[in-house]
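Undergrad: What follows is a structure written as structure tokens; I'll ask about it next.
No value in this document is a laboratory result; all are computed from the given coordinates. Treat the numbers as computed from the prediction; the structure is a model and nothing was measured. Don't worry about glycine lacking a Cβ; one is built from the backbone with ideal geometry, like all the others, and counts go over all protein chains shown.
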Amino acid sequence: MGTWDIGPFDNDTAADFSYRVDEAPAEKKADVLRTAFREVIETGDAYLDADLADEAIASAALLAAQCPGGDPITTSYAPKDPLPTLPADLRPQAVTALDRILTEPSELLELWEESDGEEWKAVVRKLRAVLDGTDTGSGS
């Protein structure tokens with residue numbers, strides 16, 4: 001796992017995912033995010049692969065950036081092209097995917113619990129709060 005920090009795009013998988021988002025036509029970008037959420041959700045109680053989780057977290061960050069309280073995406077590892085306004089119906093899917101990522105069995109959760117697990121979980125929980133409208137922080 002090539003990871004250099006706790007942010008949604010601070011790993012090789014998310015950086016590669018950004019290229020896939022950029023390559024999609026504007027009208028298909030929401031579908032790329034929707035697929036990332038669906039792949040995580042559909043694992044159910046089965047073991048969740050870290051790469052799927054990384055893509056869903058990156059997708060959630062892109063979606064949250066368009067929500068009140070969401071942080072702008074400023075990293076050079078994120079998609080280069082601006083995203084169109086994403087549909088609000090993606091938000092519940094993103095919340096469900098993030099909940100799944102934070103629930104065992106989850107490879108990414110296990111990996112983070114070996115190091116900066118609490119800081120990483122705080123980042124994921126902040127995304128979740130923004131997406132479900134319960135973020136009470138000041139935002140950025």
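Undergrad: Please name which of THR103, ILE41, LEU131 has its Cα lying farthest along the dipole of segment 12-132 towards the positive end, using unit charges on Cβ (Lys, Arg +1; Asp, Glu -1) and the Cα centre as origin.
TA: LEU131
Undergrad: Using modelled amide H (1.01 Å from N, peptide plane; none on Pro or chain starts), what sits under 5 Å from the amide H of LEU48, excluding residues fewer than 5 places away?
TA: Answer set, sorted by chain and number: SER106, GLU107.
Undergrad: When a/c is below 1.5 the answer is rounded, else prolate if a/b is larger than b/c, else oblate, so apply that to the chain with a ≥ b ≥ c taken from the square roots of the Cα gyration tensor eigenvalues.
TA: Values: a/c = 1.31, a/b = 1.21, b/c = 1.08.
Note, shape of the chain comes out rounded.
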